[in-house]
Amino acid sequence: MIKLAIYGKGGIGKSTITSNLAAAFASLGKRVIQIGCDPKADSTVSLLGGKAVQPVMDYMRKYDHEPEHIEDIAQEGFGHILCIETGGPTPGLGCAGRGIITTFQLLKDLKLFEIYKPDAVLYDVLGDVVCGGFAAPIREGYAQEVLIVTSGEKMSLYAAGNICKAVHNFADRGYAKVRGIILNRRNVENEAGKVAAFAQEEGLPILADIPRSRDILRFEDMGRTAVEGNPDLPVSRKFFALAHELMGDGRDG
């Protein structure tokens, strides 16, 4: 089982990357869980036909008790991917990161991994502030490796640098390590060069270079990933190649 935490600045396209990667894993016959760790709770929408699963924190507020079964807070999407969203507190009240901590403890109590036996677990995590609950996938041992999504934009690279620092701070504790960079292009000037320079400075490989694609947006409007919509598209093949790389078989999809 591989366990990946996918971090990046808000709005950089983490959910798009995560969902397409999850769809690629599933299309390769892998059993996949995707856990959205953002209060917006929209990580898995494109795996569920555009319909959102009820977030864990919403369930607990609605019923005033913890769910007793995984099925109460999870829904299967494309390729039988199990989709879970942590959600967050009532707007203006409480700490958003607390929802992640609460959810992770609940999933542990419900023996999610023992019951579902996934081949791949993907955590889609907001990376603007890597503290508290947002650092839980790194420091609590839930994820083995971190993927950082960035463009060539200044603030995106700044956030990526902070994520690297946060991971390095836990390096001596045997927690997750950064596997590499995913360049999600925004077509800014000298984008590839800027990201390559950042990756070299951090000593990290660029694992994937995802082009700006109208096909991704077109299928997201349908509530689907590009991988589901048309697995033969060039951008879809990028995700298959990344899936093979992360699984360690070295194939190009």
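The values are calculated or read from the model by the stated rules, or taken from the named source; none is laboratory data. Because the structure is a prediction, the values reported are computed rather than measured. For neighbour counting, all protein chains shown are included, and Cβ atoms are generated from backbone atoms with ideal geometry for every residue, glycine included.
Brief remarks on what is shown
- Positions within segment 144-159 being of a type outside the set (S, T, N, Q) and out of contact with any Gly (no Cβ under 7 Å at 6 or more places or on another chain), in sequence order: Glu145, Val146, Gly152, Glu153, Lys154, Met155, Leu157, Tyr158
- Any strands (runs of 3 or more DSSP E) falling wholly within segment 8-108 and containing at least 3 residues that are touching a helix residue (DSSP H, G or I) at 6+ places or on another chain (Cβ under 8 Å): 32-37, 82-85
- The conditions of being at pLDDT 75 or above and touching a Ser or Thr at 6+ places or on another chain (Cβ under 8 Å) are not met by Gly127.
- Residue satisfying condition, being surrounded by 13 or more Cβ atoms within 10 Å (Cβ to Cβ), of a type outside the set (A, V, I, L, M, F, W, C) and under 30 Å from Glu140 (Cβ atoms), within set His244, His168: His244
- Test: residue in segment 93-105 that is at pLDDT 95 or above, closer than 25 Å to Tyr158 by Cα and of a type in the set (A, V, I, L, M): no
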